[in-house]
Amino acid sequence: MNRNEILDKVTQIFHDVFDDDSIVLTDETTAKDIDDWDSLTHITLISEIEEAFNMKFSMKDVLGMKNVGEMLDILEQHQ
Amino acid sequence: MTTREKIFETIISVLLICAMAATLGSYTKARSYDRDNIVGLYAEKKNSLDMIYVGGSACYVYWEALRAWENYGYTSYNFAANTLTPQSIKYCIQEALKTQSPKLWVIDLRPFQYGNEKKKNGEVLNMYDEVAIRNVTDNLKHSTLRKELIDISVPAGQGKMEYYFPFLKHHSIAINNLLRDCFHVFTGELNFDDLVFFGFQNKKNTLKGFAFINKTKAMDFTDYSHITETKPLQGVINEYFIDLLDYCKSVSIKPLFVVHSYCQKEEHKQKFNYMKQVIESYGFDFLNTNDYYQEVGLDYSFDLYNENHVNVFGAEKYTDFLSAYIKDRYEMPNHRGDPDYAEWDTCLNEFNARTAQAKREILIYAKESNE
Amino acid sequence: MCVLEEPGFGLSSNVWSLFSLDFLIFLAVSVLFFYLLPRKMQWIVLLIASIIFYLFAGTPYTIVYLMASTLITWKAACRISDYREAGKENYIIRRVYLIALLSNILILAALKYANFLLGNASAIVSFFGGTKVEWSVSWVAALGISYYTLQIISYITDCYWERIEPQRNYAKFALFSCFFPQMVSGPISRYDQLNAQLYAQHEFKRNNLMCGLIRISLGFFKKLVIAENFNRLAQYFFDLENSEHTYGIYAIVGIGCYVIELYGDFAGCMDIVIGSAKCFGINMVENFNRPFTSVTIQEFWQRWHITLGTWLKDYIMYPLLRSKTFQKIGKYIKKTHGKQFSQKTTTYLAMLILWFCMGLWHGGGWNYIAEGIWFWLVIVLGQITEPFFNRVFHAKEHTGRLMTLFRQTRTTCIYAVGVVFFRGPDLTDAVKTICRSLSPKNIVNSLYEFPHFIYIAKDLELNDGKLLVYLINAFTGFAIFILLSLWEKKHGKLQDTLTCHTLILQITCILSVLFAIAFLGVYGSGVKPSDFIYGGF
């Protein structure tokens, strides 16, 4: 998968978790930009993405991710 | 920042700092007779007083300076505070001498009688009682004299900082007092310029140190003028007594030592006899007005408020007696008609109005008590 | 009145308590040495100062516990890194991590929770055994053990998760663990946030020093004016000796005063801590951020004692939710009840453990644990009922000022109930107090009496007979604080905005704060300062 495909799939997961189809993600998107993206939904997101991409984030990744761009970088690495 | 802004900030800052320092340095305790009496002396015109009467409540509830003015035209002032400690008298005289040079000093001897007695309901001697000490020291201006007085008055083991800087002790009640005063200005009880900001306003005492008592209580009087036994003062208080006399001698003051008219006890009379002996040995004058109770003419069933204090009726009689005695004995000047002393006439009007008011209140009070 | 005792001016007589003049002198001397000595030695100055502080602020011999924790952790972190490089198996690396982790937890448990555990054990034994036993120990707790232990655990865990490189120099690591401003009451710092600043070379910047001093003076204001005055009021309304008479509106007002006291105390302490660090040019993490503007209790705990909340989230909740056990539980529930339910249940379960730990961290007592459980309950109920409120009341759409105010008040009240548990002194007392305050009959009775109570307040005996005075000073101080808060909301923090202004204005600002403290603060000979609430942990 290339980066754009990964982004699409991740966006779909966001739509599901937040029940909001209007969300648009960029590399700079952070938790502040999306309502309801708090520490609890963060974990849900992480689980969903792990399941969808069949990989596991390390704790370092989970705590260290600053924005969607970094998340995509990690996903690319795990391809 | 532009230079102009910097200069502006600097000026504002310096002003603020000065204002804060002045407030902290001169903040004293709340409005009281003591503060008004002590602070009021500094506001009197320099060298305008012919007589200064130093003492405790036996002084400021008794001597009506404005009545003496009305009767004989000489000026006087009660430089007094409640339960004045005996050791304070010397320092009060020294402090007053900075701005006044009266012809006559009158000194109340009661402090030497109650000084080494225990405070009511307390364990502390009157002369070491914090409240008594502070009635004077909190209100005097900062000076080495004040510091000395604090040093000798405060018992060992107690912190002196809170005496040197009264705001350390009274700080928590400051806002409370300010709000209460503002409320009284709002209701008209106080004038706006009665609000003392920053402490450096020396408020003029228009009653010249007198306090009105507007109640009455029937008391008993026993005449001990025939008692001649003496009971010497013991210990430290005697040292203060002798020290005061030595001081007066050293600055060539010849005071009149007075005992006020009250329900004197036999033991008190004996103490005063001792004091009379010593005072006269120095060549100073002594007068126990209780020995002249008929001339003073107090009606002990009406003119008193309690054992130790008269009300306005009693104060009037006492002042009439003592002011005449002083006029005869000391050739006091007469300033009535002198334009330099015009404000005394203004104060007299206010004084007379308030006296009449107080007398009315006493009569109402007496009527209600009898019903 | 005539109190024959050493004039301590009402500031803490505990040597090196943060609110003492001694601490200020100590800080001044440290700052002096810090900038006078060569910059290479600055971190050594901090280390020596921290050791001296620890020896004098707590019981000296307890430094051995600190040394034990730091030595074990430092060695373990280095070893983990070495083993990783050497390619050793995961289970070996994990074993090293677990040994370090458990050692720290055990030391903390032994020193802090021994009596709690023994008390529970003896209760159980007494119940089943028939004879009453009461086991207890009287060990002296190490200063700041609850804070530095969490900080050390965060370090070793971050090393294990490869988030940070271990510190190879023991002395430098020791400095991170015992940096003196944070020893008494936090904040709980992270290694990656603090290490660069601690070991760096700091040039003297006047702004840093002035910022720090302004912050410290504000801290003293919060403690001496707000916390102390409200402490006296809370004591009166909520007098534990007369606890039978404290009911209805009196208890509610008392708790309100106690909440304000808590804030003044803790936030004031934080100001002094962060201000002190700022004097060295070190920026510490904030622990408070306008907590009473929170609209939900979750948000409250992101604004109150921030570092504890983030620590628990990062090192308890996330690891739990991602642990194999929880994944298994989640999968099992997903099979029977569906994905959404499974996610919610695992989250709530992890939160329960988190809040249990939060409560327990505050102290070894069931009332503390109850406090944690209370907040958990409120959050879970809030989440469960959220869809209902959205459907019926369209709650989400109401965002006006009045609604916000309602939510903020509601959050504060929820927090206040938690504080009743926190105050204790034990669980039964806390529950009784809540019942006594909130019973409708009590509220009505007390409301009826209250105006009369206020009328006679000026004559009421409160220690020194000054209830009305404390009331006035408390509210004046509170008003000043609120005004300053509103101003800061618009213009930014006071110490930051002042950096663009002249030095003399900065000095005048500090003097003005001291002036306000002079007239509104509770101090003087014969004044016993209230114990610093968060310092006993």
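The values are calculated or read from the model by the stated rules, or taken from the named source; none is laboratory data. Because the structure is a prediction, the values reported are computed rather than measured. Here Cβ is always computed from backbone atoms with ideal geometry, including for glycine, and neighbour counts include all displayed protein chains.
Residues are listed down the side, and each one gets a yes or a no for (1) more than 13 Å from B:A218 (Cβ to Cβ); (2) of a type in the set (V, I, T); (3) modelled with pLDDT under 95; (4) touching a strand residue (DSSP E or B) at 6+ places or on another chain (Cβ under 9 Å):
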| position | (1), (2), (3), (4) |
| --- | --- |
| B:L287 | yes, no, no, yes |
| B:Y293 | yes, no, yes, no |
| B:E307 | no, no, yes, no |
| B:Y318 | yes, no, no, yes |
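Within region C:151-175, the set of residues being hydrophobic (A, V, I, L, M, F, W, C), buried (at least 21 other Cβ atoms within 10 Å of the Cβ) and either within 19 Å of C:G58 (Cα to Cα) or away from every other protein chain (no Cβ under 14 Å) (or both) comprises C:I152, C:F173, C:L175.
In the condition set (1) crowded, with 21+ Cβ neighbours inside 10 Å; (2) touching a Lys or Arg at 6+ places or on another chain (Cβ under 8 Å), B:G115 is compliant with all but (2). Does region B:1-18 contain any residue that is in contact (Cβ under 8 Å) with a residue 12 or more places away in the chain and either surrounded by fewer than 19 Cβ atoms within 10 Å (Cβ to Cβ) or closer than 30 Å to B:L104 by Cα (or both)? Checking region B:1-18: not a single residue is in contact (Cβ under 8 Å) with a residue 12 or more places away in the chain and either surrounded by fewer than 19 Cβ atoms within 10 Å (Cβ to Cβ) or closer than 30 Å to B:L104 by Cα (or both).
Close Cβ contacts (under 6 Å, 6 or more residues apart or on different chains) running from residues in region C:113-132 that are under 20 Å from C:P425 (Cα atoms) to residues that are of a type in the set (V, I, T) comprise C:A114/C:V137; C:S122/C:V133. Number of residues in region B:320-371 that are of a type in the set (V, I, T) and surrounded by 14 or more Cβ atoms within 10 Å (Cβ to Cβ) equals 3. Kindly establish whether A:S22 is hydroxyl-bearing (S, T, Y) and within 14 Å of another protein chain (Cβ to nearest Cβ). No; evaluated as a whole, the condition is false for this residue.
Scanning region B:165-197 for residues being facing another protein chain (nearest Cβ under 9 Å) and not β-branched (V, I, T) gives a total of 8. Do we have B:Y53 as in a loop (DSSP other than H, G, I, E, B), in contact with a strand residue (DSSP E or B) (Cβ under 9 Å, 6 or more places away or on another chain), in contact (Cβ under 8 Å) with a residue 12 or more places away in the chain and away from chain C (no Cβ under 14 Å) here? No: the conditions fail for B:Y53. Condition (residue is outside any helix (DSSP H, G or I) and buried (at least 16 other Cβ atoms within 10 Å of the Cβ)) applied to region C:100-121: is it met by at least one residue? No. Of all residue pairs spaced 6 or more apart or on separate chains, those with beta-carbon atoms under 6 Å, a first member in region B:174-187 that is on the phi < 0 side of the Ramachandran plot and a second member that is of a type in the set (V, I, T) are B:I175/C:I472; B:I175/C:T476; B:N176/C:V469; B:N176/C:I472. The conditions of being buried (at least 18 other Cβ atoms within 10 Å of the Cβ) and either at pLDDT below 95 or polar (S, T, N, Q) (or both) are not met by C:Y91. Might you let me know whether region C:272-284 holds any residue that is among the hydrophobic types (A, V, I, L, M, F, W, C), in the same structural domain as C:F478 (by TED's automatic domain parsing), more than 21 Å from C:F481 (Cβ to Cβ) and under 17 Å from the mean Cα position of the chain (by Cα)? Yes, because at least one residue in region C:272-284 is among the hydrophobic types (A, V, I, L, M, F, W, C), in the same structural domain as C:F478 (by TED's automatic domain parsing), more than 21 Å from C:F481 (Cβ to Cβ) and under 17 Å from the mean Cα position of the chain (by Cα).
With respect to (1) outside any loop (DSSP other than H, G, I, E, B); (2) touching a helix residue (DSSP H, G or I) at 6+ places or on another chain (Cβ under 7 Å); (3) modelled with pLDDT of 90 or more, the lone exception for B:I152 is condition (2). In region B:25-33, the condition of being of a type outside the set (K, R), away from chain C (no Cβ under 14 Å) and part of a helix (DSSP H, G or I) is met by at least one residue. May I ask you to verify whether A:D36 is without any contact (Cβ under 8 Å) to a residue 60 or more places away in the chain and within 13 Å of chain C (Cβ to nearest Cβ)? Answer is yes for this residue. Among the helices (runs of 4 or more DSSP H) contained in region C:143-205, which hold 1 or more residues that are among the β-branched types (V, I, T)? Per the criteria, C:145-160.
Of all residues assigned to region C:12-21, at least one qualifies as being modelled with pLDDT under 95, within 30 Å of B:I133 (Cβ to Cβ) and touching an Asp or Glu at 6+ places or on another chain (Cβ under 9 Å). Only helices (runs of 4 or more DSSP H) whose full extent lies in region C:294-334 are considered here, and none of them has at least 3 residues that are hydroxyl-bearing (S, T, Y) and at pLDDT below 90.
Cβ-Cβ under 7 Å, sequence separation 6+ or interchain: first residue in region B:115-137 and at the interface with chain C (Cβ under 10 Å from one of its Cβ atoms) and modelled with pLDDT of 90 or more, partner surrounded by fewer than 15 Cβ atoms within 10 Å (Cβ to Cβ) and not in a helix (DSSP H, G or I). Which pairs? Pairs that qualify, where the first residue is at the interface with chain C (Cβ under 10 Å from one of its Cβ atoms) and modelled with pLDDT of 90 or more and the partner is surrounded by fewer than 15 Cβ atoms within 10 Å (Cβ to Cβ) and not in a helix (DSSP H, G or I), are B:Y128/B:P155; B:E130/C:M1. Could we say that B:G337 is over 30 Å from B:N238 (Cα atoms) and touching an Asp or Glu at 6+ places or on another chain (Cβ under 6 Å) here? It is false that B:G337 is over 30 Å from B:N238 (Cα atoms) and touching an Asp or Glu at 6+ places or on another chain (Cβ under 6 Å). Do we find a residue being within 30 Å of C:L498 (Cβ to Cβ) and out of contact with any Asp or Glu (no Cβ under 6 Å at 6 or more places or on another chain) anywhere in region B:27-42? Within region B:27-42, one or more residues are within 30 Å of C:L498 (Cβ to Cβ) and out of contact with any Asp or Glu (no Cβ under 6 Å at 6 or more places or on another chain). Output the residue which, of all residues in region C:461-496 that are in a loop (DSSP other than H, G, I, E, B) and within 14 Å of chain B (Cβ to nearest Cβ), is modelled with the highest pLDDT. Across region C:461-496, the extreme among qualifying residues is C:K466.
Taking the criterion of being free of Cβ contacts under 8 Å to residues at least 12 places away in the same chain and acidic (D, E), would at least one residue in region A:57-69 satisfy it? No, every residue in region A:57-69 fails to be free of Cβ contacts under 8 Å to residues at least 12 places away in the same chain and acidic (D, E). Here B:E162 clears all of (1) part of a helix (DSSP H, G or I); (2) within 14 Å of chain C (Cβ to nearest Cβ); (3) in contact (Cβ under 8 Å) with a residue 24 or more places away in the chain except the condition numbered (3). Taken over region C:508-517, the criterion of being within 7 Å of chain B (Cβ to nearest Cβ) and either surrounded by 21 or more Cβ atoms within 10 Å (Cβ to Cβ) or in contact (Cβ under 8 Å) with a residue 12 or more places away in the chain (or both) is satisfied by C:T508 alone.
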